[in-house]
Number of protein chains: 2
Amino acid sequence: LLACDHVVLSDTAKHNIDTPAIVISTRGVLLKEITVHGPSRDLHSGQYGGTVANPANALAKIIASLHDDQKRVTIPGFYDGLRELSDKERKNLADIGPTDADLINNTGAPAPAGEEGYTTAERQAVRPTLDVNGIIGGYTGQGSATIIPAKASAKISMRLVAGQDPKTISKLFDEAITKTCPKGVRVEIEGHGGYPSYQAPTDSAEIQVAARALKACFRKPPVFTREGGTLPILPMFKEVLGADSLMFGFAMPDCNMHSPNEFFMVKDLEMGTQCIVRFIDEMGRLDT
Amino acid sequence: LLACDHVVLSDTAKHNIDTPAIVISTRGVLLKEITVHGPSRDLHSGQYGGTVANPANALAKIIASLHDDQKRVTIPGFYDGLRELSDKERKNLADIGPTDADLINNTGAPAPAGEEGYTTAERQAVRPTLDVNGIIGGYTGQGSATIIPAKASAKISMRLVAGQDPKTISKLFDEAITKTCPKGVRVEIEGHGGYPSYQAPTDSAEIQVAARALKACFRKPPVFTREGGTLPILPMFKEVLGADSLMFGFAMPDCNMHSPNEFFMVKDLEMGTQCIVRFIDEMGRLDT
């Protein structure tokens, strides 16, 4: 019923304010929520402190166990199937950035941090990750309440790269969490979905057309970038339509994506329109 | 301005439904809140995942580091000044309980857990503890939100025993947390107060009067128990008034103290009244 030759989408950013970008890969994602259950109600931390496992302490132990001192994910098998970067790929990523200074400037983080042996640009684009997105348990109001919480939970996202299948990683995650759960508490794992990474062909006629259209409008050739985020629709297009996706978008790289005050500039809307018109025009004249 | 000979208070429980208790010690408490700060706003976990330290992961690491595999608190100096229990004290605590079965029954916890080498009764009464009372950070609503939180925080209570000074332990805690804080994040520590443990004299004339009054009303001698919770007023009475405190109360041990559905039985109010009347009567006739 549905069919197409190519997919074009603009859910991505420029390389910087005046340089266009074509995104050639996105990371996948795997979403989990773990809840640690202990006593059947919140307990008085004096009356029972020291005698029962504390679900919030146990949750911290489980989360802490998921990275080693080199900030590698400790889930057995997590890195199986991953390919190390070639020198050329490393050089390309170094050229594209971001640099450590960019990172600090864009995030306000005190310092870069991450998997040892990789640069900020590599960590952001082609290495898998595991992050707590949210954590909650017990008393979280003003001041203090001397309780042992009945439960505590955390939402976790993993970013996946080429060679990692979300279904496999999901199973490995569940096994590792179950095994790490301390005595005296019970852990429950909920899945919130998972989507694979995507790698676009870099040598197609269509990507050359897109590059020419962007160069003509921006008066600068596009940079071929890799996206750390996930576009679940890309592997789905590939599977259902058999079509690869061309990604060139017009957002600012520091547009506070998924955060308060996300923005999109009006002049980028105009520039995007021009590029798309030029791209469609040339695609229509492409020998197929 | 204020003066008294003795302090009597009933903010404690019976030993069980028909056995009175006189509490001879309470644990102290030290209350802290730690907040781990990372990026200046919540970040997209795809765009920045892997490149900056995640405050929630870092908080988990800090909390996990506070106990070793034997469930001892790892803060250097935490156990300095503590005295090991004598065989007689261990036997007394074993007689008083609670047993492991009592604990599971009273809390709904899957199993007892705590410092290795000590029984449930010892862990509850005379060993110090460290518990997370509450933890929060990032997205905690329904489903998922793929963010790296800007900050995450935890409230922590420590129960202190004889030999532990809250001011000293506070300093040791702050030093340990600061030292354990991972690179790429910043930790802030807030104090919510601290109060020492209290040990009542066990051989005074007054405690004998109380024991006789309780025995006469309950038709059973009282058990001399140790309270895992904290009564900050006791060391304050001792310091300001120079007076020791006599503690015999009438609550049920499983009254859900500090939890929803806490209760106090009407017949315990009546029994308490009788005991206090008898106690005051005999105290008035005591040779002083």
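Only the coordinates and a few stated rules stand behind these numbers; no lab work does. Quick caveat: nothing in here was measured; it's all calculated off a predicted structure. No Cβ is skipped: glycine too gets one built from the backbone with ideal geometry, and neighbour counts run over all protein chains shown.
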**Asked** When we measure straight from the Cα of A:Lys91, which lysines land under 22 angstrom away, once same-chain ones fewer than 8 places off are left out?
**Response** A:Lys14, A:Lys220
**Request:** Would you kindly work out, in nm and rounded to one decimal, the distances from the label point of B:Asp11 to those of the same position in each other copy, ordered shortest first, with label points 7 Å along Cα-to-Cβ?
**Result:** 5.7
**Request:** Could you work out which residue, out of A:Asn16, A:Asn261, A:Asn92, moves most in a Gaussian network model of chain A, that is, has the largest mean-square fluctuation with Cα springs under 10 Å?
**Result:** A:Asn261
**Asked** For the stretch B:65-107, rounded, prolate or oblate, judged on the Cα gyration tensor with a ≥ b ≥ c (square roots of eigenvalues), a/c < 1.5 rounded, else prolate if a/b > b/c?
**Response** oblate
**Prompt:** Taking a spot 7 Å from the Cα of A:Ala111 along the direction of its beta carbon, which residues of the stretch B:166-198 have an amide N less than 17 Å from it?
**Reply:** B:177-188
**Prompt:** HN-Hα J couplings of the stretch B:74-85 from phi, Karplus 6.51/-1.76/1.60, θ = phi - 60°, integer Hz, Gly and Pro as x?
**Reply:** 8, 4, x, x, 4, 9, 4, x, 7, 9, 6, 6
**Prompt:** Taking square-rooted eigenvalues a ≥ b ≥ c of the alpha carbon gyration tensor, is the stretch B:83-198 rounded, prolate or oblate, where a/c under 1.5 means rounded and, failing that, a/b exceeding b/c means prolate?
**Reply:** oblate
**Request:** Give the angle, between 0 and 90 degrees and rounded to the nearest 10, that separates the Cα long axis of helix A:205-218 from the longest principal axis of the Cα atoms of chain A.
**Result:** 80 degrees
**Item:** Whole-number percent relative contact order across chain A, with pairs defined as alpha carbons under 8 Å at least 6 apart
**Value:** 38 percent
**Prompt:** What is the P(r) of the stretch A:1-138, as percent of Cα-Cα pairs per 5 Å bin from 0?
**Reply:** 2, 7, 12, 15, 15, 14, 11, 9, 7, 5, 3, 2, 1, 0
**Request:** Pull up the cross-link candidates among the lysines for A:Lys179, meaning alpha carbon to alpha carbon under 25 Å and not fewer than 8 places away within one chain.
**Result:** A:Lys32, A:Lys61, A:Lys71, A:Lys151, A:Lys155, A:Lys167, A:Lys171, B:Lys61, B:Lys71
**Request:** Enter the angle in degrees (range 0 to 90, nearest 10) between the Cα long axis of helix A:166-180 and the first principal axis of the Cα atoms of chain A, meaning the one along which they spread out most.
**Result:** 20 degrees
**Prompt:** In sequence order, what are the phi-derived ³J(HN,Hα) couplings for the stretch B:99-109 according to the Karplus relation 6.51 cos²θ - 1.76 cosθ + 1.60 with θ = phi - 60°, rounded to whole Hz, with x for glycine and proline?
**Reply:** 7, 4, 5, 4, 4, 4, 5, 7, 10, x, 5
**Request:** Taking only Cα atoms and a 10 Å spring cutoff, compute GNM fluctuations for chain A and point out the largest among A:Phe263, A:Phe78, A:Phe250.
**Result:** A:Phe263
**Prompt:** Applying the Karplus parametrisation 6.51 cos²θ - 1.76 cosθ + 1.60 with θ = phi - 60° to the phi angles of the stretch B:89-94, what ³J(HN,Hα) value in whole Hz is obtained for each residue in order, glycine and proline being reported as x?
**Reply:** 5, 5, 5, 4, 5, 5
**Message:** Can you tell me the length gained on complete extension of the stretch A:Glu188 to A:Gln142, counting 0.36 nm per residue apart and subtracting the Cα distance?
**Reply:** 13.7 nm
**Asked** Taking the Cα-to-Cβ direction at B:Asp87 and at A:Gln199 and moving 7 Å from each Cα, how far apart do the two end points lie in nm?
**Response** 7.1 nm
**Asked** In whole Å, how far is the Cα centre of the stretch B:208-286 from that of the stretch B:85-155?
**Response** 26 Å
**Message:** Taking a ≥ b ≥ c as the square roots of the Cα gyration tensor eigenvalues, with a/c under 1.5 meaning rounded and otherwise prolate when a/b beats b/c, else oblate, which class fits the protein assembly as shown?
**Reply:** prolate
**Asked** In whole angstrom, how long is each semi-axis of the equivalent ellipsoid of chain A, when you take the square root of 5 times every eigenvalue of its Cα gyration tensor and sort them from largest down?
**Response** 43, 20, 18
**Message:** Per 0.36 nm of contour for each residue apart, how much would the distance between A:Asp100 and A:Asp174 grow if the chain were fully extended, relative to their Cα-Cα spacing?
**Reply:** 23.3 nm
**Prompt:** With the contact rule set at Cα under 8 Å and sequence spacing of 6 or more, what percent relative contact order holds for the stretch A:36-153?
**Reply:** 46 percent
**Message:** Using helices alone, I'd like the mean residue ellipticity at 222 nm for the protein assembly as shown: each DSSP H run of four-plus residues gives -39500 (n - 2.57), total over residue count, nearest 500.
**Reply:** -9500 deg cm²/dmol
**Prompt:** List the aspartates and glutamates whose alpha-carbon lies under 19 Å from that of A:Lys88, not counting same-chain residues fewer than 8 positions away?
**Reply:** A:Glu122, A:Asp203, A:Glu227
